[in-house]
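The values are calculated or read from the model by the stated rules, or taken from the named source; none is laboratory data. Values in this document were obtained by computation on a predicted structure and should not be read as measured data. Cβ sites come from the backbone with ideal geometry, for glycine too, and all protein chains shown count toward neighbours. In case anyone asks, the SASA skips ligands and DNA or RNA and just uses the protein heavy atoms, side chains included. Shrake-Rupley method; radii C 1.70, N 1.55, O 1.52, S 1.80 Å.
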Amino acid sequence: MNILVGQSGGPTAVINSSLAGVIKAGFDSKKFDKVYGMVGGIQGVLEDDIIEIKSADDNFIKLLKQTPSSYLGSCRKKLGDDEET
């Protein structure tokens, strides 16, 4: 199994800290093979813009928590009723 994580909405004070928590938990759990990030939120999935996050070492997590804005990028795209997937 893999994890796919994305960010949506505005860059709040904790958006990257939340992302760091998901990444760290994914790597620490040993239940998941890989952690992927949606570049630009759901728009990244629709455009096949997904990156593999290859590390959750302490330095990366520490820096991510202190990084302003949203690391993966965000969007505010609303999926319409006609979009199947």
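Observations, loosely collected:
- Seen against the Cα atoms of the chain and their longest principal axis, helix 15-29 is set at about 70 degrees.
- Count of lysine pairs in the range 24-85 with Cα separation under 13 Å (8 or more residues apart, or interchain): 5
- Debye intensity ratio in log₁₀ form over the Cα atoms of the chain, taken at each q of 0.16, 0.21 Å⁻¹: -0.62, -0.99
- Heavy-atom SASA rank of LYS78, LYS34, LYS65 (probe 1.4 Å, accessible area, largest first): LYS78, LYS65, LYS34
- With each label modelled as a point 7 angstrom along the Cα→C-beta vector, the LYS30-ASP81 pair spans 4.9 nm.
- Accessible-area order (highest first, 1.4 angstrom probe) of the listed residues ILE23, ILE3: ILE3, ILE23
- In this label model, THR12 and PHE60 are separated by 2.5 nm, measuring between points 7 Å along each Cα→Cβ vector.
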